[in-house]
Amino acid sequence: MTLSRRAWLRGGGLLAAPWLLGRPGVGGAGPARVNVRDLGAHGHGRTKDTRALQAAIDVAAASAGIVDVPPGEYVCGTLHLRSGITLRLAAGATLIASPDDADFDPPERLPYESFADEETTDFGFALLRGHGLRNVRLLGPGRIDGNRTRRGGPKPIALKQCHAITLRDLTLDNAPNYNISLLGCDGVDIRGITIRNGYSDGIDPDCCRNVRIADCRIESRDDAIVAKASLALGVRRSTENIVVTDCALVNVRNALKLGTESSGDFRNIVFRNCTITARREGRKPYPQEWKPQPSAGVSLEAVDGGRLEHVVVSGITMVGVGAPIFVRLARRGRGQSDPVAGELKNVSISDIVATGVRWTSSITGIPGHPVSDITLRNVRSSGRGGRDDELTLREVPQHATRYPDATMYSNLPAHGLYCRHVRRLSVERMELTVEQPDERPAVILDDVRETSWRTVVVTPPADDGPALWLRSVRDCLLRDVRSPAAETLVRLSGPETARIRLAGRAPNRRRLMLDADVDASAVRAEET
C-alpha cells in the first residue's frame, strides 16, 4: 500500500488497507472448520489440551480454515499458530496457560546482541506463538488466562515478523509478561481487546508498521500501550503508521508511550480519543519486591539515536496520573558505541484534560540537542500542588544518559510545565491550575528559542513569586497570558534572554521582574 503521510493521518491510518476489508478467498472445497473437541480436547481444566489444540490448528492451516474453541477451560502450553488460520474462542471458552513452565517453548537465544531485556526480545516462551506468518485471525469473545500471580512467565500472544494480523474481542487476564507482543509485524488490526490485571505491559508493537489499536480496555501494572523501536531484530528498524484510538487505559506507569527502546525511528504516530485513569491503590497487592510508581499519561522518548517525528496526540482525558506529558530527547545510547542523541520534532498535542496530576509536565532535550517544533493546543491540567519555594531554586540535573521516565524528575521547579532545550514551541489556549496553594511558578522556560504563548491562564505562586519564569529565552511572544492574582507575571533571567514581546490587552510592564543580567531592551510591550 502506498499512501502519503497526510492522507494516512487524515484517514485515520489503516482504514483503507486491503487486509482490513476482508480475507482473500480460498479455492477448492473452501476452508475447513475444526472443532477442538473433535480432536480430543477435553476443556474441563483438569488435563492439558495442548496436543488437541495444536492438531486442530495444523488441520485448519491446510485450507486456511477456522479453529473453533467451544465453551470450556483448556489448559495449554505453547501453541504454534499457522498462516491463514482463524482461531475463534467462543463465549465461555478460556485458554489457560499451563502452570508448568516446561510446557512452553524455551526463551529464544538470539545470535546477536539486542541490547534489550528478555521481555522485549523473547518470542519463544509464549502461549500463542507465531513467526513469519500471514493472514492470522485471533477472535473472541472468549478469554486467555495467563494463570500467574506475579511478573515473569510466558507471553499470552507473541507474534514476530508476521503480516496481516487481526485480533478481535478477546479478554486477557493475569498475564505475567507483555500481553500482546509484536515484533517486526506489518498490518495489524487490534480491536475490542480487554486486558485485566496485567503484571507487565499491555500491547507492545516493536519495529512494527501499519498498526491500528482501537476500542481496547487495558488494566496493567506497568505500561499500557507502548510502541518500541528496539534492536531485537538485530538491525535498526522504524516503527511507523501507528494509530491508537478510543481506548480506556488503567495503569500505574505510562499509559501511551513511545520508547524507551528508541534505536530505530518513530514516525506517523497517532494517539487520540483515549481515557487514562490511575490504578486504584490496594486493589490487588503488588509483589513485595516490585513497587511501581506512576509515571506519565503520554510519554514520548527518543534516547537511543533514533528519530521521533510526526506524532499527533489529541483528545486525551487523564485522572490521577503522574505527569500528563513527558517529552524527552537524550543520549542513553543503547546499541551505540558512542552515545549520540537523535532527533525529536514535529509533535502536536491538543485537547488534553488532566486532573489530580501528581507531577509537572515536561519537554526537555539536552545541551546541543534541543527538542523542536512542538505544538500544545487546548491543554488543561490541574495538579495537586502544595509544594514550597525550595523547589523553585532546585538545579534540575540533565540526566543525559539516564533511563528516561517522568520519575527521574519527580518534583520540578514549576507546578504546570517545565521546558528546557527546546526550539520552536507553540502554545495556544492553555490552563494550568493547582488544587492546593503552591509556591512554584506555573511555567519555567530554560534555553528555549522561538516560542509563542497565546491565551494562557495559570495559577500564580502562593507567595509573591512570578507566574512564569523565562531563563535564557529568545524570540518569545506572550499574547494574552494571564495570572490575575499574581504580583509578578513574568520573571526574566539569563544574559541570553532577548526579544521578549508582551502583547494583548493593556500589557503591564510593572508586572515584570528583570534580573540584573537582563537588559531592559530585551522586552517590548505591545497593546492590541
Of the residues in segment 241-256 that are free of Cβ contacts under 8 Å to residues at least 40 places away in the same chain and in a loop (DSSP other than H, G, I, E, B), the one that is nearest to the chain's Cα centre (by Cα) is C247
All-but-one check, Y74 against (1) within 34 Å of the chain's Cα centre (by Cα); (2) surrounded by fewer than 22 Cβ atoms within 10 Å (Cβ to Cβ), failing number (2)
Looking across segment 225-253 at residues that are modelled with pLDDT under 95 and not hydrophobic (A, V, I, L, M, F, W, C), the single one that is surrounded by the fewest Cβ atoms within 10 Å (Cβ to Cβ) is R253
Only one of (1) touching a Gly at 6+ places or on another chain (Cβ under 9 Å); (2) modelled with pLDDT under 95; (3) among the aromatic types (F, W, Y) does not apply to W290, and that is (1)
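Take the residues in segment 29-45 that are in contact (Cβ under 8 Å) with a residue 24 or more places away in the chain and charged (D, E, K, R), then tell me which one is farthest from A64 (Cα to Cα). Reasoning before the result, please.
Going residue by residue through segment 29-45, those that are in contact (Cβ under 8 Å) with a residue 24 or more places away in the chain are 29-37, 41-45.
The next check asks that each one be charged (D, E, K, R); those that pass are 33, 37.
Values: R33: 9, R37: 19 Å.
For segment 29-45, the residue satisfying everything is R37.
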Scanning segment 211-240 for residues that are assigned to a strand (DSSP E or B) and in contact with a Cys (Cβ under 9 Å, 6 or more places away or on another chain) gives V211, I213, A214, R217, I218, I225, A227, K228, A229, T239, E240
### Task
Return yes when W469 is closer than 14 Å to L432 by Cα, in a strand (DSSP E or B), within 33 Å of the chain's Cα centre (by Cα) and of a type in the set (F, W, Y) and no when it is not.
no
Across (1) touching a Pro at 6+ places or on another chain (Cβ under 6 Å); (2) not hydroxyl-bearing (S, T, Y); (3) not in a strand (DSSP E or B), V422 clears everything bar (3)
All-but-one check, R82 against (1) out of contact with any Leu (no Cβ under 9 Å at 6 or more places or on another chain); (2) within 24 Å of C185 (Cβ to Cβ); (3) among the charged types (D, E, K, R), failing number (1)
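Can you tell me which residue within segment 28-51, out of those that are basic (K, R) and in a helix (DSSP H, G or I), is farthest from the chain's Cα centre (by Cα)?
R37
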Within segment 328-355, residues of a type in the set (D, E) and closer than 19 Å to A255 by Cβ come out as D351
Filter segment 116-139 for residues that are among the aliphatic types (A, V, I, L, M) and farther than 17 Å from V188 by Cβ; the one that is surrounded by the most Cβ atoms within 10 Å (Cβ to Cβ) is L127
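When you check L514 against the structure, is it aliphatic (A, V, I, L, M) and modelled with pLDDT of 95 or more, yes or no?
no
Do we find that G259 is at pLDDT 75 or above, crowded, with 24+ Cβ neighbours inside 10 Å, outside any loop (DSSP other than H, G, I, E, B) and small (G, A, S) in this structure?
For G259, the condition - at pLDDT 75 or above, crowded, with 24+ Cβ neighbours inside 10 Å, outside any loop (DSSP other than H, G, I, E, B) and small (G, A, S) - is met.
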The condition of being at pLDDT below 95, in contact with a Ser or Thr (Cβ under 6 Å, 6 or more places away or on another chain) and either within 22 Å of F326 (Cβ to Cβ) or part of a strand (DSSP E or B) (or both) holds, among D480, D447, only for D480
When segment 168-196 is checked residue by residue, the ones that are farther than 26 Å from V235 by Cβ and outside any loop (DSSP other than H, G, I, E, B) are R168, T171, L172, D173, R191, T194, I195, R196
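The values are calculated or read from the model by the stated rules, or taken from the named source; none is laboratory data. The model shown is predicted, which means the values in this text are computed figures rather than measured ones. Methodologically, a virtual Cβ is constructed for each residue, glycine included, from the backbone with ideal geometry; neighbour enumeration extends over all protein chains shown.
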